[in-house]
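> This is the structure, below, for whatever I ask next.
The values are calculated or read from the model by the stated rules, or taken from the named source; none is laboratory data. This is a predicted model, so every value here is computed, not measured. Note that we place each Cβ from the backbone using ideal geometry, even for glycine, and neighbour counts take in every protein chain shown.
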Amino acid sequence: MSRRLVVDLASPHAAWRVPPSTVATIRAALGPGWAVVEVPAPTPADGPGTPEAIAAARGAEIYLGHVVPADVAKAGRGTLRWAHTVTAGVAPSLPHLAGTRIVLTNSAAIHAEPIADWTLAAIAYFARGLDRMREFQAAGRWAWAEFTGFEVPVREFGELRLGVFGLGGIGGAIARRGVALGMSVAGVRRRPARGGPTGVRWVGGLGDLPRLAAESDCFVIAAPHTAETRGAVSRAVLERLPPDAVVVNVSRGTLLDETALLDALDASRLRGAALDVFDAEPLPAGHAFWRHPRVLVSPHVAAVTARFWERETGLIVENIRRYLAGSPLANTVDPEAGY
């Protein structure tokens, strides 16, 4: 009987739909003695798993999906040894794998480059006054006097202090770009002893978050959602930010006190906020963020890139090579840490 790998990566969205070339590459990497079963119907992120995925998982050894649904994990008990999610966040999958010996890997580093690009673009949007330019353009107004008279504040990247909460794959990529652009960069992470990219001034633990905020003209939230980080960017932390600071969230909405952020924006204490993630998604109609002049709303698309499957295929194939060799897998998730 052949060993089995399940590809449960169908999607109604082109960016996240596995291409045939990736499936062919996976087959080639496995070699003889393996069966690759594709699940044709998309698996809802918040469901127990489709009947096709559950049936395919029975007796399977490897499962590749957007999440690991509860009934898929249950069906694979006893035979499933490795599950991989093509997302960075693993909170929806972890509870279903508790108490099993299934190794979970994720794709955090795969999303790092496009999210870091988005973050720097968001910083520029406020730092260079592009938000106000768009406003003046809509009004048909040649705002030369407003910019040359410094009524609209503009800043160079080289004078900005960048604080990054979370220095993993995504936060590290953001920090490297900041250093390359001449920013003064500092960060906070769960294990500060691991340090950060070359050029980062200092790296602290979660207790140093207020200090990071106080020293950040641009405060970027890039930490994973865990029990420790939930609500970490509180009102008290936001109140430590300098006047005219910019807040960027590319993590999860649950890390940020959105009510406190709105209060700071309404009081004109902050220059702006660029948000790709929200506590409630999709962002409800009528939410104050939609029409706020100091908020850039992005519909959780900072990671979208035409190069995603190129990078994702490389990660999957490398881990297949490691799996077949009995070596530790890349991007292995720590169940206790939550990422």
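> Test residue 312 against the stated conditions and say whether it is assigned by TED's automatic domain parsing to the domain that holds residue 209 and of a type in the set (Asp, Glu).
no
> Restricting to region 295-325, give me the number of residues that are closer than 19 Å to residue 18 by Cβ, touching a Phe, Trp or Tyr at 6+ places or on another chain (Cβ under 9 Å) and small (Gly, Ala, Ser).
So the answer is 1.
> Go over the candidates 43, 119 one by one and state the one that is modelled with pLDDT of 95 or more and polar (S, T, N, Q).
Of 43, 119, the one residue that is modelled with pLDDT of 95 or more and polar (S, T, N, Q) is 119.
> Something else now. Quick check on region 133-169: of everything there that is at pLDDT 95 or above and surrounded by 20 or more Cβ atoms within 10 Å (Cβ to Cβ), which residue is farthest from residue 195 (Cα to Cα)?
Result: 160.
> Next up: Collect the residues in region 317-332 that are of a type in the set (Val, Ile, Thr) and outside any helix (DSSP H, G or I), keeping them in residue-number order.
332
> Give region 299-317 a look and list any residue that's surrounded by fewer than 18 Cβ atoms within 10 Å (Cβ to Cβ) and within 17 Å of residue 121 (Cβ to Cβ), or say none.
299, 300, 301, 304, 306, 307
> Inspect region 21-37 for any residue being closer than 28 Å to residue 99 by Cα and basic (Lys, Arg) and give the result as yes or no.
no
> A further question follows. Can you tell me which of 306, 302 is within 26 Å of residue 330 (Cα to Cα), part of a loop (DSSP other than H, G, I, E, B) and in contact with a helix residue (DSSP H, G or I) (Cβ under 7 Å, 6 or more places away or on another chain)?
That would be 302, the only listed residue that is within 26 Å of residue 330 (Cα to Cα), part of a loop (DSSP other than H, G, I, E, B) and in contact with a helix residue (DSSP H, G or I) (Cβ under 7 Å, 6 or more places away or on another chain).
Matching residues to (1) part of a helix (DSSP H, G or I); (2) aromatic (Phe, Trp, Tyr); (3) surrounded by fewer than 18 Cβ atoms within 10 Å (Cβ to Cβ):
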{"site": "56", "(1), (2), (3)": "yes, no, no"}
{"site": "63", "(1), (2), (3)": "no, yes, no"}
{"site": "71", "(1), (2), (3)": "yes, no, yes"}
{"site": "74", "(1), (2), (3)": "yes, no, yes"}
{"site": "77", "(1), (2), (3)": "no, no, yes"}
{"site": "87", "(1), (2), (3)": "no, no, no"}
{"site": "91", "(1), (2), (3)": "no, no, yes"}
